[in-house]
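Undergrad: Handing you this structure, nothing more for now.
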Amino acid sequence: MRESAAGIGAKTLAATERRLRTSSKGFLGGEELAARVQQTLALPTKKEAEHVVNTVIASLETTLLNNLGTDGFTMKLGSFGKFSVRHKPGILRKIPFTGTTILTKDRRKVRFVSLGALRQCEQVN
């Protein structure tokens, strides 16, 4: 019997969190994510769920790549989290072997900050 996304009980969520904390890898893989999406959206095949997951990730990646040139760009995803782009200027580094000083390249850094329920789970652990 399948449960809808709204019908998932606190007991099921607690069990899922426990499994994630005790998993040997410590992270959720693409197959597991697709299986959860398939169950939550009641999709008939796992291939459709993988397509949904890949489309969402590709959209996030494209949006971030298109806005890497914009310093301070922020993309907020509801109660999940916030991605932001920061520009870091190059710095002078001394190479110990030769004694020369070089200027490193400018860098862009993408930062993720969790929000909502995800942040509350982080604070408990």
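The values are calculated or read from the model by the stated rules, or taken from the named source; none is laboratory data. It should be emphasised that the depicted structure is a prediction, and the values quoted were computed from it without experimental measurement. Methodologically, a virtual Cβ is constructed for each residue, glycine included, from the backbone with ideal geometry; neighbour enumeration extends over all protein chains shown.
Undergrad: Scan segment 67-98 residue by residue and report those that are in a loop (DSSP other than H, G, I, E, B) and among the hydroxyl-bearing types (Ser, Thr, Tyr).
TA: At the first step, the residues of segment 67-98 found to be in a loop (DSSP other than H, G, I, E, B) are 67-73, 78-80, 89-91, 95-98.
Result: THR70, SER79, THR98.
Undergrad: Identify, from the list LEU92, LEU115, LEU103, the residue that is at pLDDT below 85, of a type in the set (A, V, I, L, M, F, W, C) and not assigned by TED's automatic domain parsing to the domain that holds ALA34.
TA: LEU115
Undergrad: Could I ask something else about it? Counting only residues that are of a type in the set (Ser, Thr, Tyr) and within 17 Å of the chain's Cα centre (by Cα), which one in segment 79-123 is surrounded by the fewest Cβ atoms within 10 Å (Cβ to Cβ)?
TA: Of segment 79-123, the ones of a type in the set (Ser, Thr, Tyr) are 79, 84, 98, 100-101, 104, 114.
Applying the additional criterion that residues be within 17 Å of the chain's Cα centre (by Cα) yields 79, 84, 114.
On the way: SER79: 12, SER84: 17, SER114: 15.
This residue is SER79.
Undergrad: While we're here: In segment 99-116, which residues are over 19 Å from HIS87 (Cα atoms) and assigned to a loop (DSSP other than H, G, I, E, B)?
TA: Within segment 99-116, GLY99, THR100, LEU115 qualify.
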